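What follows is calculated from the coordinates using simple rules that are stated; it is not laboratory data. Because the structure is predicted, anything quoted here is derived from the model rather than measured. Please note: Cβ atoms are built from the backbone with ideal geometry, for glycine as well, and neighbour counts cover all protein chains shown.
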Amino acid sequence: MTLRLLGTGAADGWPAAFCTCSSCTTERAAGRVRAQSAALLDDSVLLDCAPSTPLAAERLGISLADVSLVLFTHQHSDHFSPATLMYRSWSSAAPLTVAGPPDVVRTAAQWVLPDSGVDFVPVRPGDSFTHGAHRVRVLAADHATGLGVEDEPDAVLFDVSGPSGRVLYATDTGPLPEATVGAVRDAAFDAVVLEESFGDKHDHGTRHLDLTTFPEQVRRLRAVGAVVAGTRVVATHLSHHNPPTPELTRRLADWGVDVLPDGAEVLTGAAAPERRGTLRTLVIGGARSGKSREAERILAGVADVTYVATSYPPGPDVEWQERVARHVAQRPDHWQTLETLDLVGLLQDDGAPLLVDCLTLWLTRVMDRHDAWDDETWEANAQKAVGEEITALVKAWQTTTRRVVAVSNEVGQGVVPDGAGTRRFRDEMGRLNAAIAAVSEDVRLVVAGRVVAL
């Protein structure tokens with residue numbers, strides 16, 4: 001099975017022609033241009049056809065001459081160009097089947113003559129049909145066009161199987177309907193092309209996905225066996241509400257998702273290789289740098305996460321209570337929270353991925369436990385005891401088989417503390433960070449909300 005991306009942009013493309021935002025300016029300067037979203041399966045099945053699709057295909061050197069089936073998801077103008085059917089009739093009279101929601105089919109039929117050889121098939125979620133070597137299943141979308149009629153679907157998604165593979169084409173949609181997720185249980189798709197329209201804009205109020213809701217859909221598809229180890233997941237319908245392509249690529253890679261340019265081959269006929277993911281990630285930064293948000297984002301697409309809180313319970317401190325409450329509120333509901341200092345035991349056990357927040361509070365409590373702030377106690381026995389706990393943690397981190405992300409503070413870039421105990425803590429924190437980083441595949445420094453790979 002082969003799958004080519006004819007366009008990966010949202011309605012106004014990316015960069016947007018009339019826009020000078022930082023995202024569009026960066027993409028424009030780099031020469032990265034994304035046309036409206038569409039894809040071509042096995043040279044014969046066209047998934048959506050936007051006004052830009054025919055010329056985009058020509059510029060990419062991709063022929064549409066062998067297309068015998070067009071699957072329209074909905075009637076919004078960036079997905080549905082009925083005039084293209086008329087233009088095609090000027091050059092070809094080969095048989096063509098056009099399928100989509102009833103309002104799409106009714107509108108499309110007005111653009112070709114009755115004897116043009118085009119067969120129009122209205123479809124609804126739950127329908128399925130065979131076209132040549134391909135089997136098409138119609139799935140529900142969470143997307144309203146305002147152009148249909150009552151009791152008819154505005155938009156649909158497509159599950160297409162061929163002799164050598166299976167593809168889910170899921171754009172446009174908000175969070176996937178439960179019926180759709182249930183319908184693709186154990187599908188083990190070769191490729192999933194999933195919309196991600198709004199990036200970091202979370203208040204859009206539309207039936208689209210963004211960088212908060214997108215990973216949740218990937219997680220749900222993984223949970224039912226629709227996305228498996230060999231599935232190629234690709235983000236499409238991208239807009240300038242996303243960060244520029246290099247940063248977007250970095251973020252989506254944590255969820256096993258690719259960002260590809262227009263013209264890219266998602267599937268080439270060969271089986272997709274199994275990804276071998278990172279096990280250990282250290283996220284380090286200063287106060288309010290965004291390090292906890294980055295750590296939580298890394299695991300946002302994972303089905304089961306244990307959040308390990310190492311801080312003291314809030315107690316009577318109202319401000320600390322509010323901090324803890326904010327952290328709890330921003331975690332996904334399906335995550336489990338565990339309050340413990342036993343990081344070694346957790347790392348040595350098998351189980352769900354761990355998010356440890358944070359190593360700084362862990363070290364604080366370890367030093368408290370051994371009264372390591374006192375100079376005499378430090379020299380007598382606390383230095384040895386704290387060192388042994390750090391050594392055990394580093395060894396457990398190095399040998400763990402679990403996916404683990406830990407947050408830590410960079411505390412050595414400010415004013416030198418005026419107390420010996422605080423200087424001692426700063427030194428031990430620096431050594432712990434360096435030791436953990438040395439045995440981690442992935443270390444990220446967060447500065448002013450920006451992430452730098454070390």
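Spatially, segment 311-367 and segment 145-224 are offset by 33 Å when compared through their Cα centroids. In debye to the nearest 20, how big a dipole does segment 280-453 give about its Cα centre with +1 on each Lys and Arg Cβ and -1 on each Asp and Glu Cβ? Around 720 debye, computed over segment 280-453.
With a cut-off of 12 Å between beta carbons, the residues surrounding Asp374 carry a summed charge of -4, where Lys and Arg count +1 and Asp and Glu -1.
Lys291: which lysines have alpha carbons under 29 Å from its alpha carbon, excluding same-chain residues fewer than 8 sequence positions away? Output for Lys291: Lys201, Lys395. Note on the chain: helix-only mean residue ellipticity at 222 nm, from DSSP H runs of 4+ residues weighted -39500 (n - 2.57) and normalised by residue number, equals -8500 deg cm²/dmol. For the chain, the alpha carbon positions stretch 97, 44, 41 Å along the principal axes, listed from largest to smallest. Summary of packing: across the peptides 353-363, 113-123, the per-residue average of other C-beta atoms within 10 Å ranks them, highest first, as 353-363, 113-123.
With K and R counted +1 and D and E -1, the other residues having a Cβ less than 9 Å from that of Ala144 yield a net charge of -1. Among the GluC sites (Glu not before Pro) in segment 356-454, those placed in a DSSP loop whose Cβ has at most 12 other Cβ atoms within 10 Å are Glu441. Note: relative contact order over the chain, using C-alpha pairs below 8 Å and six or more positions apart, is 13 percent. For the pair Ala434 and Thr337, label points projected 7 Å from Cα toward Cβ lie 3.5 nm apart. Highest average first, the peptides 336-346, 11-21, 70-80, 251-261 ordered by how many other beta carbon atoms sit within 10 Å of their residues are 70-80, 251-261, 11-21, 336-346. Among beta bridges from DSSP that stay inside the chain, the antiparallel ones total about 40%.
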